[in-house]
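K.L.:
The structure follows.
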Amino acid sequence: MKKSKIREIFTFVYLSVVQILVMLADTCFLFCELARGSGKTTHILASRLDRVQNSMPGAIIVLAADTYRSIFDNILPGILEYFNEHYERGVYFEIGKEPPRHFKPCTTFIADWKHTISFCNGCVVQFVSCDRPESMLGKNAAHLFVDEMLRIPEEKFLERIIPALRADRSKFGDSPYFMGISGFSSTPNFETDEDWFLAYEKDMNKKLIDHIQEIAYEVDLRRQKLEIVRKSLDLEETTTLERFIDRWEKRLADLRRNQTFYIRASSFSNLKYLGIDYIKNQIKSIKDKDKLYTSIFAIRKLKVKDMFFGKFGKQHLFDDGYDYTCIDKLSADEKIEDSCRHLIYYDRSQPLYAGYDAGPFSSIVFAQRKKVKKEFRILKNMWVYHPDQQDELARKINDFFEGGRKVLYIHYDRAANQKDPEWKKYYPGYKDKGVNDTDAVLLKKELTALGWAVHLLSTKQKTIFMSQHYRLLQLLFGKQDKKRDKILIDKNECEQLISSINHSPLKRHEGRVILDKSSERLPFEEQVYNSTQLATAFMYLLWGEYYKLLPDSDQPDNIPIGAGTYMS
């Protein structure tokens, strides 16, 4: 048949080699370690979800992530993009509300449809997360989808997510996907990310997978030919092809059952779609080699670095910081507001403490102390960069913490006390608001105009040497002392701060400890994750609150409470 005739029958869609290999293998257990731009959610996860639900009518499928909020913010948009592009909502699928009457019933009673994706065959997708153990209660899932596995600790995966896999084998056991797992992640950095799921790669029978993909390819060719001969009304050929497909589809199902396919691929796997310029731009823009290796090249970086926050680790993070009271009232297709009201550990009746690093790139981190529990929790990080400055930063602070007590104590570095900061050359309009005002005073004025009571704790301070900061960090993040506050950072709300900490190399020069701040020469938009900016603001906060823990030899002379800066 001529190519023009084929185009009348089929819709042509481009898929990368990786996307095709995943569809051909399609085993019970699938693990994809894929770099940026690979179409992971829209072209692999979503299409796999479609095949799995179609194979098990009436089943419950679980969609899991490290946090419940991550499902709304990072996973659902890509899934909905796929289904909206290929199907009609309300006819084939529905999200966030009770499905239409023509949908077949699910085998499990669903009381609340707000957080579901339902399909016309009765299959329903429900959401679970590590930070909500109660979300697993009563789940009888036939298949499990997990995204960004590098954020999920192994013990939480085994204790909080795997138990949801317990569907009725008598109802869904014929499906090759029954009791399977579809896991997705970018390549982990062994210093900062979870990497336990890499062990699944050893479970793959490469020779068998090759055979499965070869057979699946031949079956797909017959499916194409079948549609063509049906149009030509060739009944004899149609019967022959139907028998071939039926026979080999059953064999494929048996081969795929309980098998594992693990694939790791770089951004180059989708080069035809992304274009070579995308790769070149990523190489130019990502100055941090570790991030370039993992996010673009999918190279597992093993090197252990000598970092300024040398004793900082996963034990200083918490991931149970969300209150889902408000989110539970939303349907799955609604957007979650970025607000302090979702934070469990934020006490609206108490003031906030902040570390502020001023300049063309301004960063700030917020914390509250839990005196009874001896905890100092870092709740949020924010930033602005040229041309935005104090006015925009103040608006962000006010919008996020609206509804709480508007009292703020700020620690900052000596540079924020300069009366004519260098950054004003980037933003000359601010001279009209007070040419002699310092960075700290300007931020205070902007917040005061929004109803805040701001206390500047770092006026008239002297130089604080980098070695003093380093020794304090070693103390605070070292062996825990019950008499001392435990420093804890919100893993989800302070992702950029954590990345900044992990991008803060230690240098030694003439016997002195120095924080390598060369990353602050990156373009502003790249500094958020890849520079020392937010980590520096964090240092000022910790210095201001805890410098008195240092020995007398490290105590600055005549320095006011809260002072902190950095000098080599």
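The values are calculated or read from the model by the stated rules, or taken from the named source; none is laboratory data. Predicted, not measured: the structure shown is a model, and the values here were computed from it. Positions of Cβ are backbone-derived with ideal geometry, glycine not excepted, and every protein chain shown enters the neighbour counts. Side chains included, ligands, DNA and RNA excluded: accessible areas come from the protein's heavy atoms. Shrake-Rupley method; radii C 1.70, N 1.55, O 1.52, S 1.80 Å.
K.L.:
Which residues, taken from segment 493-539, are open to solvent by less than 40 Å² (accessible area, probe 1.4 Å), in a helix (DSSP H, G or I) and either under 18 Å from Phe465 (Cβ atoms) or of a type outside the set (S, T, N, Q) (or both)?
P.N.:
Answer for segment 493-539, where residues must be open to solvent by less than 40 Å² (accessible area, probe 1.4 Å), in a helix (DSSP H, G or I) and either under 18 Å from Phe465 (Cβ atoms) or of a type outside the set (S, T, N, Q) (or both): Leu497, Ile498, Ile501, Glu526, Val528, Leu534, Ala535, Thr536, Ala537, Phe538, Met539.
K.L.:
Being farther than 19 Å from Trp248 by Cβ and either out of contact with any strand residue (DSSP E or B) (no Cβ under 9 Å at 6 or more places or on another chain) or of a type in the set (Gly, Ala, Ser) (or both) is the filter here; which residues of segment 204-220 pass it?
P.N.:
Lys206, the sole residue that qualifies.
K.L.:
Let me ask you something else. Just the residues that are over 20 Å from Lys517 (Cβ atoms), assigned to a loop (DSSP other than H, G, I, E, B) and either open to solvent by less than 40 Å² (accessible area, probe 1.4 Å) or modelled with pLDDT of 90 or more (or both), please, taken from segment 443-478.
P.N.:
Matches in segment 443-478: Leu450, Gly451, Trp452, Leu457, Gly478.
K.L.:
Check whether at least one residue in segment 342-353 is part of a helix (DSSP H, G or I) and on the phi < 0 side of the Ramachandran plot, and report yes or no.
P.N.:
For segment 342-353, residues part of a helix (DSSP H, G or I) and on the phi < 0 side of the Ramachandran plot: present.
For every residue, the table says whether it meets (1) touching a Phe, Trp or Tyr at 6+ places or on another chain (Cβ under 9 Å); (2) under 27 Å from Tyr412 (Cα atoms); (3) of a type outside the set (Lys, Arg).
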| residue | (1), (2), (3) |
| --- | --- |
| Tyr322 | yes, no, yes |
| Ile327 | yes, no, yes |
| Tyr346 | yes, yes, yes |
| Asp357 | yes, yes, yes |
| Val365 | yes, yes, yes |
| Arg369 | yes, yes, no |
| Val372 | no, yes, yes |
| Phe376 | yes, yes, yes |
| Met382 | yes, yes, yes |
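K.L.:
Scan segment 51-78 for residues that are part of a helix (DSSP H, G or I) and either open to solvent by less than 10 Å² (accessible area, probe 1.4 Å) or at pLDDT below 95 (or both) and report the count.
P.N.:
13
K.L.:
Against the condition without any contact (Cβ under 8 Å) to a residue 24 or more places away in the chain and charged (D, E, K, R), how does Lys486 come out, does it pass?
P.N.:
no
K.L.:
Tell me, please, whether a residue that is open to solvent by less than 60 Å² (accessible area, probe 1.4 Å), over 16 Å from Leu541 (Cβ atoms) and in contact with a strand residue (DSSP E or B) (Cβ under 6 Å, 6 or more places away or on another chain) can be found in segment 479-491.
P.N.:
Yes, the conditions are met somewhere in segment 479-491.
K.L.:
What's the number of the only condition in (1) closer than 12 Å to Val125 by Cα; (2) of a type outside the set (Ser, Thr, Tyr); (3) touching a residue at least 60 places away in the same chain (Cβ under 8 Å) that Leu80 fails to meet?
P.N.:
All conditions pass for Leu80, except number (1).
K.L.:
While we're on this one: Does Arg247 fit the bill of being charged (D, E, K, R), at pLDDT 90 or above and in contact with an Asp or Glu (Cβ under 7 Å, 6 or more places away or on another chain)?
P.N.:
So Arg247 fails the test.
K.L.:
Between a first residue in segment 40-67 that is under 15 Å from Pro176 (Cβ atoms) and a second residue that is small (Gly, Ala, Ser) and open to solvent by less than 10 Å² (accessible area, probe 1.4 Å), which pairs have beta carbons less than 7 Å apart while being 6 or more apart in sequence or on different chains?
P.N.:
Arg48/Ser182; Ser55/Ser175; Met56/Ala142; Met56/Ser175; Pro57/Gly122; Ala59/Ala142; Ile61/Ala141; Ile61/Ala142
K.L.:
Is it the case that some residue within segment 299-308 is modelled with pLDDT of 90 or more, more than 22 Å from Gly403 (Cβ to Cβ) and not charged (D, E, K, R)?
P.N.:
Within segment 299-308, one or more residues are modelled with pLDDT of 90 or more, more than 22 Å from Gly403 (Cβ to Cβ) and not charged (D, E, K, R).
K.L.:
While we're on this one: Just the residues that are over 19 Å from Val528 (Cβ atoms) and of a type in the set (A, V, I, L, M), please, taken from segment 350-393.
P.N.:
Leu352, Ala367, Val372 - these are the residues of segment 350-393 that are over 19 Å from Val528 (Cβ atoms) and of a type in the set (A, V, I, L, M).
K.L.:
Further question: Considering (1) open to solvent by 20 Å² or more (accessible area, probe 1.4 Å); (2) modelled with pLDDT under 95; (3) aromatic (Phe, Trp, Tyr), say which one Phe29 fails and leave the rest.
P.N.:
Unmet for Phe29, out of (1) open to solvent by 20 Å² or more (accessible area, probe 1.4 Å); (2) modelled with pLDDT under 95; (3) aromatic (Phe, Trp, Tyr): (2).
K.L.:
Being more than 24 Å from the chain's Cα centre (by Cα) and under 29 Å from Leu150 (Cβ atoms) is true for just one of Glu81, Glu85, Glu98, Glu94. Which residue is that?
P.N.:
Just one listed residue meets the conditions, Glu85.
K.L.:
How many of the residues making up segment 196-243 are free of Cβ contacts under 8 Å to residues at least 24 places away in the same chain and farther than 25 Å from Gln19 by Cα?
P.N.:
Within segment 196-243, residues that are free of Cβ contacts under 8 Å to residues at least 24 places away in the same chain and farther than 25 Å from Gln19 by Cα number 13.
K.L.:
Quick one: in segment 194-203, of everything that is open to solvent by 40 Å² or more (accessible area, probe 1.4 Å), out of contact with any strand residue (DSSP E or B) (no Cβ under 6 Å at 6 or more places or on another chain) and assigned to a helix (DSSP H, G or I), which residue is farthest from Lys139 (Cα to Cα)?
P.N.:
So, considering only residues that are open to solvent by 40 Å² or more (accessible area, probe 1.4 Å), out of contact with any strand residue (DSSP E or B) (no Cβ under 6 Å at 6 or more places or on another chain) and assigned to a helix (DSSP H, G or I), the one farthest from Lys139 (Cα to Cα) is Lys202.
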